[in-house]
Amino acid sequence: MLRSLYHRRHAELIRSSLFCSQTLCPSIHLDLFRVVSSSSSSSSNAELRKYVGYFALLLGCGVATYYSFPFPEEAKHKKAQRFRYAPLPDDLHTVTNWSGTHEVHTRVFLQPENLEELEKIVRDANKHGQKIRPVGSGLSPNGIGLQRAGMINLALMDKVLEVDKEKKTARVQAGVRVSQLVDALKEQGLTLQNFASIREQQIGGIIQVGAHGTGARLPPIDEQIISMKLVTPGKGTMEVSREKDLEIFYLARCGLGGLGVVAEVTIQCVDRHELVEHTFVSDMNEIRKNHKKWLTENRHVKYLWIPYTDTVVVVHCNPLTNWKKREIPSKLKGDEAIQDVRQLYLTSLKKYSTVQSGDEPDIDQLSFTELRDKLLALDPLNKDHVVEVNKAEAEYWKKSEGYRVGWSDEILGFDCGGQQWVSEVCLPVGTLRNPNMKDLEFMDELKKLIESENVPAPAPIEQRWTACSQSIMSPASSSQEDIFSWVGIIMYLPTMDARQRKEITEEFFLYKDLLQMRLWAKYFAYEHWAKIEVPKDKEELADLQARLRKRFPVDLYNKARKELDPNGILSNRVLEKLFPSADTV
């Protein structure tokens, strides 16, 4: 009778304990309950002790787990709720950069139509601590202008306010696109001194990230700005120039959108002019012999390096006034040059069997860059396939050698191809009188790294040059007569397939990290602000922050941010990670 009472007592204890531990392993508890209950009549003392031991062990583990990982106080008494799918609300704006590599959703996307509206928005946002990160056309590969909490865009402030033909200056609202400004300047016989590859940038955005064209005598585009109107949260609207608030002016010209919203700029222009563009194919040996001469004698020059080949495409541009039109040879027709690429595409389609008969696109209507995208999409990470595409590109350029004449804004553009990952670095390469040839050494090592590591690197690797800039945060900042070389590597994203894009992304960052480890420190190279990606790894981020401090006056920049934007309403994750303030380090 005592034994029966003993069994019933332990069965009751087991039932009461199930309430607090059943979530850990329900099946074990049920089995344990059945065994112990039945053991009241048939189990031996040994069996009882065994199962009681199992229970004690299980209960101990449950208690230890509970107290090791306690619920927050506010969560202990919350009722569980079923998951419900919530569709995106109608007022949620989706903002994506051009390459589709960065995207945010926000309910706050403001577009003022004039200076007064802009000033009110900035005042109200500062008062309520509302983020309003300035975002331009969304062309930056790293999405430097994106902010989930809120953004402000000046697309509706796009007027050319004044053109002074005598001084060759133009005062414009910062939201005007480069293409709009160029069209307006044509009527006055003026144009911009230099151009980046794409014409859809807003003027405010193109100067804030240190964008540039090419030409060893020509500085980055921010150096063409002679005054600015800056709407700041901390000090209101400021007009800065070389004559007024000089330090802020040189900081804010390439201010990364962190010092104020650029509302207006006055930009130095030049007379509108035609250029003669000469495109030809060279190799490293010929370039070494002529590099100094080409840099000094040509107004614009760039090299397009094609990995896994000896081919380097050289492009020179000079004013038409230096030529007599009859001396300009004609070049081969573009259709003849592209035939090899078309043939490779057709051959590759059969090899990969990716489309059914009759589904092939009309390849005669595709441009060279469109054909290249389609070719790479067949097998973008297969090194051997990429090499074949690069060889076809080399042949295309050999058959495209020649000259063309056009206005500078037409000639200096460059078809960059489709969506892509990009990393571009800027490195000092001596002076115009005495280039140190580090730019060619950099390229020689880069090509050898690609080949030794079997990187599926597509063409081209674009190399350009600029003079220095007095903007303190520019990668080409210098107080001397330095010239800088800009080198950009790419991997195209020729497909919308998520898995394939992810694989290309991973391969690109391995490619970029290889160059960073082997070349950047050696050549004192720093990334373009619109193409610098924030590392996720804490140690890598700390290393990046330390590198930036060696090159840029980070404390001075942070001090200006604190004064002009005390509540950080213009900031975002990129700025906060790259330039942490002293109290957040």
Note to self: Contact list please: Cβ distance under 7 Å, first residue in segment 195-209 and closer than 17 Å to Arg464 by Cα, second residue part of a helix (DSSP H, G or I) and charged (D, E, K, R), pairs at least six apart or on different chains.
What the structure shows: Phe195/Asp409
Note to self: Please determine whether any residue of segment 95-105 is assigned by the TED database to the domain that holds Arg177, open to solvent by 30 Å² or more (accessible area, probe 1.4 Å) and in a helix (DSSP H, G or I).
What the structure shows: no
Checklist line | Of residues in segment 502-519 being in contact with a Ser or Thr (Cβ under 9 Å, 6 or more places away or on another chain), of a type outside the set (Phe, Trp, Tyr) and in contact (Cβ under 8 Å) with a residue 12 or more places away in the chain, the one most open to solvent (accessible area, probe 1.4 Å) | finding: Thr505
Item checked: segment 303-319, residues that are within 31 Å of the chain's Cα centre (by Cα), surrounded by fewer than 19 Cβ atoms within 10 Å (Cβ to Cβ) and farther than 30 Å from Lys383 by Cα -> His316
Check: Within the group Ser367, Ser400, which residue is among the hydroxyl-bearing types (Ser, Thr, Tyr), open to solvent by less than 20 Å² (accessible area, probe 1.4 Å) and either in the same structural domain as Thr495 (by the TED database) or free of Cβ contacts under 8 Å to residues at least 60 places away in the same chain (or both)?
Finding: Ser400
Next item on the list: Could you list all residues from segment 461-470 that are touching a helix residue (DSSP H, G or I) at 6+ places or on another chain (Cβ under 8 Å) and buried (at least 24 other Cβ atoms within 10 Å of the Cβ)?
Entry: Trp465, Ser469
Margin query: Give me the residue from segment 158-181 that is open to solvent by less than 40 Å² (accessible area, probe 1.4 Å) and either over 23 Å from Arg561 (Cβ atoms) or acidic (Asp, Glu) (or both) and, out of that set, nearest to the chain's Cα centre (by Cα).
Written below: Val178
Notebook entry, point to check: So which residues in segment 477-501 are in a helix (DSSP H, G or I) and buried (at least 17 other Cβ atoms within 10 Å of the Cβ)?
Noted result: Arg501
Check: So how many residues does segment 163-191 have that are under 17 Å from Met228 (Cβ atoms), outside any strand (DSSP E or B) and charged (D, E, K, R)?
Finding: 1
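Could you grab me the full set of residues in segment 194-248 that are of a type in the set (Asp, Glu) and either farther than 15 Å from Leu259 by Cα or open to solvent by less than 10 Å² (accessible area, probe 1.4 Å) (or both)?
Start the filter on segment 194-248 by keeping residues that are of a type in the set (Asp, Glu), which leaves 200, 222-223, 239, 243, 245, 247.
Glu200, Asp222, Glu223, Glu243, listed by residue number.
For (1) at positive phi; (2) among the hydrophobic types (A, V, I, L, M, F, W, C); (3) touching a Phe, Trp or Tyr at 6+ places or on another chain (Cβ under 6 Å), each residue gets a yes or a no:
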{"position": "Val405", "(1), (2), (3)": "no, yes, no"}
{"position": "Glu410", "(1), (2), (3)": "no, no, no"}
{"position": "Gly413", "(1), (2), (3)": "no, no, no"}
{"position": "Gln420", "(1), (2), (3)": "no, no, yes"}
{"position": "Leu427", "(1), (2), (3)": "no, yes, yes"}
{"position": "Asn434", "(1), (2), (3)": "no, no, no"}
{"position": "Ser452", "(1), (2), (3)": "no, no, no"}
Check: Which residues, counting only those in segment 505-534, are touching a Pro at 6+ places or on another chain (Cβ under 8 Å) and assigned to a helix (DSSP H, G or I)?
Finding: Glu507, Trp529, Ala530, Lys531
Next item on the list: Please tell me if Lys333 is modelled with pLDDT under 60 and either surrounded by 13 or more Cβ atoms within 10 Å (Cβ to Cβ) or within 30 Å of Ala216 (Cα to Cα) (or both).
Entry: no
Check: What is the residue count in segment 271-302 for residues that are open to solvent by 20 Å² or more (accessible area, probe 1.4 Å) and either of a type in the set (Asp, Glu) or touching a Ser or Thr at 6+ places or on another chain (Cβ under 7 Å) (or both)?
Finding: 10
Item checked: Output for segment 437-486, where each listed residue is more than 21 Å from Glu527 (Cβ to Cβ) and not small (Gly, Ala, Ser) -> Met437, Lys448, Glu451, Asn454, Pro456, Gln480, Glu481
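The values are calculated or read from the model by the stated rules, or taken from the named source; none is laboratory data. In this text, all values refer to a predicted model and were calculated from it rather than measured experimentally. FYI the Cβ positions are ideal-geometry reconstructions off the backbone, even for glycines, and counts take in every protein chain you see. Accessible surface is based on the protein model in full, side chains and every heavy atom, while ligands, DNA and RNA are left aside. Shrake-Rupley method; radii C 1.70, N 1.55, O 1.52, S 1.80 Å.
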